[in-house]
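Here the structure is laid out as structure tokens; the discussion comes afterwards.
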Amino acid sequence: MTILVLIIYFFYSSWLQDSYALERMKMVEKQIKARGVVSESVLNAMRTVPRHEFVPPDRAKYAYNDYPLAIGYGQTISQPYIVAYMTEALNLEKEDVILEVGTGSGYQAAVLAELVKEVHTIEIIRPLGERAKVTLSALGYKNVHVYIGDGYNGIKSKAPFDAIMVTAGAEKVPPPLIEQLNEGGRMIIPVGTVNDVQYLLLIKKNKGKITRKTLLPVRFVPFTREKE
Ligand code: SAH
């Protein structure tokens, strides 16, 4: 009897994995390629990372749908297209060392980890950061380092960063993050009024000079601060 249950479970779970893989391929074609993301390495990362492992189990069946999902503590995992779009905008290279502010579920960090040498990611809500750590290590990501704290100040001991991604909507670009960008570095960050529309800004540092470009309108959860 037990053996029969185990056999059924085995076939059920491998069928489930396959069906998630299939959904992931469809997600990339219909939501991401169709909207203009062209980087093959980014598309492959989106085909690889098991997004359903990063959402609460009762929401796994919605993981590949075309919208953000709640991950607890009032926070969300971004819509797949936005994850891919922001990743592509950073023009990442294999040897890059990068910072993400707003670990959340850890999903975006995993996508980044497929593309670069080292990802440092910081989360202000401890239980979320701790859970992301467990998820990422269970999936075998060894090049992601999760920190708990206020990402406003970046991570000085690991700076400079070739790229920085902020996944919470800030009112202003935190100056320490600009400071911690490497020469030739890129940063993408949603900036705007709290609980209203924000714009993704792409910031570049070249020969010490900072340039900014406004990209898409977006809506992110607020960038919060630790009490001083
Ligand atoms: N990148 C995430 C989505 C994050 S939602 C993912 O792939 O799942 C934004 C996250 O930013 C939330 O978890 C929120 O708690 C966190 N956050 C907000 N302000 C922060 C700050 N100052 N420092 C670090 N994390 C912050």
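The values are calculated or read from the model by the stated rules, or taken from the named source; none is laboratory data. Bear in mind the structure is a predicted one, so any value in this text is a computation, not a measurement. Using ideal geometry, Cβ is built from the backbone for each residue, glycine included, and neighbour counts are taken over all protein chains shown.
Consider Thr214 against the criteria (1) within 13 Å of the ligand (Cβ to nearest atom); (2) farther than 24 Å from Leu43 by Cβ; (3) in contact with a Phe, Trp or Tyr (Cβ under 8 Å, 6 or more places away or on another chain); (4) of a type in the set (Val, Ile, Thr): it satisfies all of them except one. Which criterion is unmet?
The number of the failed condition is (1).
Can Val111 be described as of a type in the set (A, V, I, L, M, F, W, C), under 19 Å from Glu23 (Cα atoms) and in contact (Cβ under 8 Å) with a residue 60 or more places away in the chain?
In short, yes.
So in the range 83-108, with the set limited to residues that are among the small types (Gly, Ala, Ser) and crowded, with 23+ Cβ neighbours inside 10 Å, which one is farthest from the ligand (Cβ to nearest atom)?
Ala84
Mind telling me which of the residues Ile71, Ile32, Ile82, Ile98 ends up being closer than 27 Å to Val173 by Cβ, touching a Gly at 6+ places or on another chain (Cβ under 8 Å) and not in a loop (DSSP other than H, G, I, E, B)?
Ile71
Per-residue answers, yes or no, for (1) over 17 Å from Met86 (Cα atoms); (2) modelled with pLDDT of 95 or more:
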site	(1), (2)
Ile148	yes, yes
Gly151	yes, yes
Pro160	yes, yes
Val166	no, yes
Glu183	yes, yes
Thr193	yes, no
Asp196	yes, no
Arg219	no, no
Arg225	yes, no
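Scan the range 54-66 and give yes if some residue there is closer than 28 Å to Lys94 by Cα, assigned to a helix (DSSP H, G or I) and under 14 Å from the mean Cα position of the chain (by Cα), otherwise no.
Yes, the conditions are met somewhere in the range 54-66.
Quick test of your reading of the structure: Phe54 fulfils all but one of (1) closer than 29 Å to Leu128 by Cβ; (2) among the aromatic types (Phe, Trp, Tyr); (3) at pLDDT below 95. Name the failing condition by number.
(3)
Residues that are within 14 Å of the ligand (Cβ to nearest atom), of a type in the set (Ser, Thr, Tyr), farther than 28 Å from Thr211 by Cα and touching an Asp or Glu at 6+ places or on another chain (Cβ under 9 Å): does the range 74-82 have at least one?
No.
What single numbered condition from (1) within 18 Å of the chain's Cα centre (by Cα); (2) among the basic types (Lys, Arg); (3) farther than 24 Å from Gln79 by Cα fails to hold for Lys158?
(1)
Taking Tyr12 as meeting all but one of (1) within 16 Å of the ligand (Cβ to nearest atom); (2) aromatic (Phe, Trp, Tyr); (3) modelled with pLDDT under 95, write down the number of the exception.
(1)
Starting from the range 133-157, keep only residues that are at positive phi, then list their pairs with residues that are of a type outside the set (Gly, Ala, Ser) whose Cβ atoms are within a distance under 6 Å, requiring at least 6 positions of separation or different chains.
If the second residue must be of a type outside the set (Gly, Ala, Ser), the pairs left are Gly149/Ile122; Gly154/Pro176; Gly154/Leu177; Gly154/Gln180.
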